[in-house]
Every structure is written in structure tokens, then in C-alpha cells.
1. Keeping to region 177-208, report how many residues are under 34 Å from the mean Cα position of the chain (by Cα) and not in a loop (DSSP other than H, G, I, E, B).
2. Would it be correct to say that ILE305 is in contact with a Cys (Cβ under 6 Å, 6 or more places away or on another chain), part of a strand (DSSP E or B) and in contact (Cβ under 8 Å) with a residue 60 or more places away in the chain?
3. Among (1) in contact (Cβ under 8 Å) with a residue 40 or more places away in the chain; (2) in a strand (DSSP E or B); (3) not acidic (Asp, Glu), where does PRO335 come up short?
4. Does ASP117 satisfy the condition of being over 24 Å from ILE191 (Cβ atoms) and either assigned by TED's automatic domain parsing to the domain that holds ILE191 or surrounded by fewer than 16 Cβ atoms within 10 Å (Cβ to Cβ) (or both)?
Amino acid sequence: MHANKWTVAATIVVFIWSLICCSPGGLVAQSAENQEITRMLKEAEEAYQNGNFVLAIEKYQKLIELFNSKRELAKVKQDLLQTMGNLALTYFTIRENEKAEKQLIDLLRINPNYVLDPEIFPPRFLELFNKVQRISLGKLNVTSAPIGAEISLNGNPVGKSPQTVEKLFKGSYELKVELTGYKPVAKQIDIAPEAATVETITLEKTERGSPIVEKTSSQPLSEAKKKKRFPLLVVIIGGVAAIAVAAFLLLNKKEETPPEEQTEKDFLVQNNDKIEITPANVGVLTRKIISVPHQKIISRIRYKINIEHPAWEELMVTINKQGQVPVHPVWNRQPRSGLGTIDGETDVFKGVQTEGEWVITVENFKLNSGRLLECSLQFFYKE
């Protein structure tokens, strides 16, 4: 049994080493780069949540430069677009709307079909995004006689005529229309924002007797079969590797004694003072302090905050411990009105000491006023 275990281990080491050596660029380098991207994204998001918007902007800009150098990769392109959206939101939060608008324009230039999640982004920011879409995107309607022709824009196929392309970034494009047995038509067109560009193409038949050559692969059949078999070979090798790793883990698995389960306990603290939410002024925030005398290590917090305000979409509400990070947002300018409750649960303060002063902060972005009413924090810890 001992010899078998080392045989399996040696096989796995040789196999993994061969993959690392033979892969383009090396798996180790790729993994390190992914870790760096993950770290930078986390730092940017933490800076935004903590209200350090200058640092968040700097981090997002560095990430965009990194993604732009590798935009040909589909996953990287998606990360790039998400980062551009986050950077635009950061500019919008500090009321630099022109810079936010420019970021959104650049985002739509890359992917005019990009959609912002209304569950994540505040309504006012979505309004800005809709405005940018209106001033940046147009529509194209293409018909041909006869119908059924292949249509492409800048070499990218978009379908057969008649065809409507709903979202195109404004600017110049090369339109090409092709149909077997007819002369292809190519022309430059201009897409204007907030308008539909209409193109009607009449195709001419090729001269009688002219052969229509269909493209065929010049590759020998045997070579084509080899290429088709290659992905299957990769799958088989991957499967063998997975089985080998599983076998190695089973051979080396030790019975672990489960740790003693800790009992979760909790206590509730609250502040029922009523505080006026003042109209928006630079540097003026409404804060309510909840003092906690107990010394426990937090596993999670359940919060409940009552507010009375005519337009909740003007409010941003956060929780934090005085003098510490993180600052945790619990309301971010969502539509609502009147008297209501914000309640929920978070584990972002896991590992933080309960003792001290906890702060409920309300930032009011407009001239409406309101009241911050009862607030309570329920702290959970394990013993």
C-alpha cells in the first residue's frame, strides 16, 4: 500500500509539471496574475465602501489599464466592463458627473448592449446611464432585393436581410451585403444617435456562366480528423488527471476530529433618540451613536433602522464602528418615501471587537429633510 501511494504521487507530480511547462505562458504566472487582479478589485471596492473615493478611482483606473492590455480574452473583457461601470459610479457618487458620463460612453463604445443591474446601481445613476445610451447609440435597418442576403458590419456578421440592429455606437461603419449568385455590395454608412439609419440594397446578378466558387477547406481530410480528435484527447487527459488527484487525496486523507461546536449567543443594543436629517450641505451628515459596553468578538450583526423621509432615493445610510473600517452601506439611494425600516444582516464585521461606539450615518443628497428614529444592533458571537 505504501509503494502504491508513492507511485500515484510521482505520477501526479510528473503530469502537473508537464502541464505547467507546456502551457502557453505557464499556469503559475497566470495564477499569480489572477490573484493580483482579485486583490486590486477587492482593494478598490473596500476603498469605495469606506468612502475613500480618491483611492477607489486610482485602483479602478489601474485595473482598466491592465484589462485593456488583455481585452481579447472574453473573461477579461467582462471584468473590464464591470470595472468601468464601478469607476463611473464612483465619479457619480462624488458628483463628478462629466467624468462618470465619459466612462459610460467608453463602456458603450466597447459593448453597446451592456446592461447595468438595477438591483446594484442606484436609480439616479441608472438615469445617467440611460441618457448616455440615448446620446451614444443609434439603430440600423437593412433590407435587400432579393431578401435573405448575409449582412456584416466591419467584417462582423449580424444576420440576414431584412435585419434590424438595435444598438450601434455612433460613428462610421463598413456595411457589406452578400448573396450567392449576386455581386456583393460594400459601402460606408454613418450611424447617428437617437435615430434609425435605413439602408435598402438592390443586388445585381453575376454574369451568366460565371462560376460561383464555394469556399472549401484545403486541409487534407486526415489532418482535419486529427484536429477534431484533439479536443477529445484534452478531455481524456483532464479526466485522467482528475482521477489521479482524487486517488492521491483519498490515499493521504486523515480522519479529522471535528472541532467542538461553539454555541452562538447574542445581545441587543439600541438608541431610540429622534434626530433630524438635515437638508444636504457639504460636510453635514446625520449621525447616531450606539454605545456597546460588552467585549465580544463578532460573528455577524443584525441591524434595524427606522427613518422618516419624503424621498429615500436621496439618502445613503451606513454602519461602522467609530475610528475603524469597514464602513458598511445598508441603503444606497433606492426609491421609497415616508416612514420605513431598514433591516438586514451582515458578516462584514466578523472578527471585530464589539466594545466601543457604533455609528449609524445618514447622508442626504438633496434639500428634503426627515428624521432618524429608533436604531438597534443585534451582535452575534460564539463561545
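The values are calculated or read from the model by the stated rules, or taken from the named source; none is laboratory data. Keep in mind the model is a prediction, meaning the values are calculated, not measured. Counting neighbours? That spans all protein chains shown, and the Cβs are built from the backbone with ideal geometry, glycine included.
1. Taking region 177-208 first, the residues under 34 Å from the mean Cα position of the chain (by Cα) are 189-197.
The next check asks that each one be not in a loop (DSSP other than H, G, I, E, B); those that pass are 189-191, 196-197.
Count: 5.
2. yes
3. Every condition holds for PRO335 apart from (2).
4. Here the answer is yes, as ASP117 does meet what is asked.
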